[in-house]
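Data block below; observations after.
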Amino acid sequence: MGPPRQRTIVLLFLAAMLPILSSSVSHLLSARLAPALPLAARNPNRLLLLSLLPSSSPLRAFCPSSRATCSTAAAMADATLVADNPLLADFEFPPFDAVQPAHVRPGIRALLARLEGELEALEKGVEPAWGKLVVPLERITDRLDVVWNVVDHLKAVKDSADLRAAVEDVQPEKVKFYLRLGQSKPIYQAFNAIRNSPEWDSLSDARKRVVDGQIKDAVLGGVALEDEQREKFNQIQQELEKLTEKFSENVLDATKKFEKLITDKKELDGLPASAFGLAAQTAVSKGHENASAENGPWIITLDAPSFMAVMQHAKNRALREEVYRAYLTRASSGELDNTDIISQILKLRLEKAKLLGYKNYAEVSLARKMATVDRVQELLEKIRAASWDHAVQDMEDLKAFVKDSGSAEANDLSHWDLNFWSERLRESKYDIDEESLRPYFALPKVMDGLFSLANKLFGINVEPADGMAPVWNSDVKFYCVKDSSNTPVAYFYFDPYSRPSEKRGGAWMNVVFSRSRVLARHGSSVRLPVAHMVCNQMPPVGDKPSLMTFREVETVFHEFGHALQHMLTTQDEAFVAGISGIEWDAVELPSQFMENWCYHKETLLSIAKHYETGEVLPEEIYAKLVAAKNFRAGSFSLRQIRFASVDMELHTTYDPSGPVSVYDVDRKVAERTQVLAPLPEDRFLCGFSHIFAGGYAAGYYSYKWAEVLSADAFSAFEDAGLDNEKAIEETGRRFRDTVLALGGGKSPLEVFVSFRGREPSPEPLLRHNGLLPVAA
């Protein structure tokens, strides 16, 4: 998932203008010897078009050298692009279909100029009163958040060189404004005055959380720093923004760069039909017009659906090794090498922490979270210790199985063998072939079942609303969420399919609009929340719908959990509505909670219907899925502990200026978190976007922390009786009225206790994962 308030597109020469430009240039070429009238006087549109050319273009020769004339042209260009700029429109829903790279520079700059004026006015007239402080501040921050998130979202789902260049140009200006806003002493002092006023005790919990959050964010944003220290802090923030953006771009480009063309079908022996179809479809998109699933050629990529198909099913060990090594070393060499970027990021984060008076960056990160460094390390060690023996047994079982299979690989089992042989062992042990289950999990049926579950648990109806809002791709779906009285309470977009050429990998949910009383429109009492959900599953192939793996089903449930917390909030203060203002290590609670329902019999059988015959998934297969739920649970648990542990090490004790490399740290962590030692050339850190380009720096532990909360929350439904419809409905409504409704308006611990009646315990998590006896 992306951060709750992601501060997360380029030439101004639009493709749409090419025909006009060609015409204008041809006239210019034929009239080069015409009387030397000023170009603007002859045809101001031509001057505008010429000003849009890249600086390197030879056609720049036709632009007069007069600085005044060229600046007039630039001003005209900017004025034109601002006047009709969709980013500056007063939109009901973002104009995702209309925003082009050429709109980004003038749009963001015009918006920043306007907001700068509003901020100055706020500072001059600020008073420690809600209507004079929080209301105007919300209007300023929301507008920039909304518009920037439109740009940032398009960069994630519709990436292009032009978009990147535009973002790179205006990003420093955007960061500068956020720093200026966050370090405003009049605003900071006004919030402190509210905090210390006699009226403090009469404020609602939500408003108290808004005030406390703003004060803490200001301190962490450098408001208390003066002169040189503040200037240094701001330089660090600007540089970190550039570096994290570059890190993400390098990962995407390195992923896109690897393409393996295969013409001999024998090299792909073992791959399921769906993988052949995807590989052929990829080949068609790369210019092999006659490629087919049956006859090829086929292209293998590092995009998740292609990569995982090879690792789990390809009998060709050499191919598995090649693809694995390519994936493991993404963005670790050449012009896309992230090694130095990682080092710079860690140095700057440490320097930033010390400027703020902290010992390390982890302390800065955790200042806005539930946990402390000590409690994180305590939890990680408890789960690591509970998982280790199980992971060792997993490896012994796998080696024995490979040996019994008569494979020579038994004597030299390596990383590119683990997924392949684990899948064979799972098939053997539980008689389950994940690929054979795909026909039972067609995306439309899965979504219907997911929405039915939401209706049962939370009393909401999800209805298609395609055409109501612009979308960025024809595959994107738009939905309206209604309450039991058929009143709309929220909307969301769903972008399900992988598009390796333009869309980054992974799955996430992010905010489009937050629920807000202040920003209500057209006489309504509140602006409704809007979210988007993004996945990267296999697209439809031929006349087949998108047929999902069970893991992809879990992913959709996961992201919908995030969306539910954003959409079903009842908070009207935008700063703490939905996922806003929630401590980062608690935001995964609803998402991981929803995953549990994938194993609930009634829920699963309602979505698992063969896309051709309508046959419901046989109950014996359901039983096998449940039995296989904790297959290699120890190994999977250790994998997450490794990621969380190396994250904490790099942000607590590691000295980025010392002789020890980040890879040395990772190998050291792997000694206690990985049964099979990593390869010497392991460079997974170069693709670890969560901590170097996402919101999880010194926060990856949040997955495990929130997993404790989510497992304990689901155990409330187990206690009520999963077969007891009335009890499930009552518990679901209580979950909605607390975890999903309260947002950041109360502390996560208070919210959890309101739902569960007690503080959380790690025991349900260990029990659910098979790492404790059921009796515990």
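The values are calculated or read from the model by the stated rules, or taken from the named source; none is laboratory data. Just so it is clear, the model here is predicted, and its values are computed rather than measured. Glycine also receives a Cβ, built like all others from the backbone with ideal geometry; neighbour counts cover every protein chain displayed. The accessibility values were calculated without ligands, DNA or RNA, using every heavy atom of the protein model including side chains. Shrake-Rupley method; radii C 1.70, N 1.55, O 1.52, S 1.80 Å.
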Calculate, for ASP253 and GLU173, the FRET efficiency according to 1/(1 + (r/R0)^6) with r their C-beta to C-beta distance and R0 22 Å; round to the nearest 0.05.
0.35
Rounded to a whole %, the carbon-and-sulfur portion of the accessible area of segment 455-551 at a 1.4 Å probe is 50 percent
At 1.4 Å probe size, with the rest of the protein present, what percent of the exposed accessible area of segment 592-739 is carbon and sulfur atoms?
51 percent
Measuring from centroid to centroid over Cα atoms, what is the spacing of segment 330-363 and segment 661-719 in Å?
18 Å
Once you put a point 7 Å from the Cα of LYS354 and another 7 Å from the Cα of LYS429, both along the Cβ direction, what distance in nm separates them?
4.9 nm
Given unit charges at Cβ for Lys, Arg (+) and Asp, Glu (-), the dipole magnitude of the chain about its Cα centre in debye, nearest 20, is 1860 debye
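If you wrap a convex hull around the C-alpha atoms of segment 609-754 and split its volume per residue, what is the figure in Å³? If you can, show how the numbers build up before the last one.
Values: hull volume 30.3 nm³, N = 146.
Given the Cα convex hull of segment 609-754, per-residue volume reads 208 Å³.
Assuming a viscosity of 0.890 mPa s and a temperature of 25 °C, what translational diffusion coefficient in µm² per second does Stokes-Einstein assign to segment 465-558, Rh being the Kirkwood radius over Cα pairs?
D, rounded to a whole number, is 163 µm²/s.
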ASP397/SER436 FRET efficiency (R0 30 Å; Cβ-Cβ; nearest 0.05)
0.85
Quick one: if you stick a label point 7 Å off each Cα along the C-beta vector at ARG639 and ARG375, how many nm between them?
2.9 nm
Between ASP655 and THR339, what is the label-to-label distance in nm when each label sits 7 Å out along the Cα-to-Cβ direction?
2.1 nm
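If you roll a 1.4 Å probe over the heavy atoms of the protein chains, what accessible area per residue do you get for the chain, in Å²? Don't jump to the answer; show the numbers that get you there.
Values: 32060 Å² over 776 residues.
With the other protein chains kept in place, the chain gives 41 Å² per residue.
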Determine the principal axes of the Cα atoms in segment 630-686, then give the extent along each, sorted from largest to smallest and rounded to whole angstroms.
41, 23, 19
Can you compute the helix-only [θ] at 222 nm over the chain? Use -39500 (n - 2.57) per DSSP H run of at least 4 residues, normalise by all residues, nearest 500 deg cm²/dmol.
-17500 deg cm²/dmol
Give, in nm to one decimal, the length gained when the segment between LYS624 and GLU289 is fully stretched (0.36 nm per residue of separation minus the Cα-Cα distance).
116.5 nm
Percent antiparallel among DSSP beta bridges confined to the chain, rounded to 5, stands at 80 percent
Taking 164-171, 654-661 and ranking on average Cβ neighbours within 10 Å, highest first, one gets 164-171, 654-661
How much length is gained if the chain between LYS132 and ASN473 is pulled fully straight, taking 0.36 nm per residue apart and subtracting their Cα-Cα distance, in nm to one decimal?
118.7 nm
Stretch ASP723-ASP466 to full length: gain in nm at 0.36 nm per residue minus the Cα-Cα span?
89.0 nm
What lysines does LYS456 reach when the alpha-carbon gap must be under 30 Å and sequence neighbours fewer than 8 apart in one chain are set aside?
LYS445, LYS477, LYS482, LYS544, LYS601, LYS609, LYS624, LYS629, LYS704, LYS726, LYS746
What figure, in Å² to the nearest 10, do you get for the accessible area of MET538 with a 1.4 Å probe and non-protein molecules left out?
10 Å²
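Taking the Cβ-Cβ separation of LYS242 and ARG139 as r and a Förster radius of 30 Å, what is the calculated FRET efficiency to the nearest 0.05?
After rounding to 0.05, the efficiency reads 0.55.
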Which of (1) 29.2, 101; (2) 26.6, 86; (3) 27.5, 95 gives Rg and Dmax of the Cα atoms in Å as computed here? It is (3)
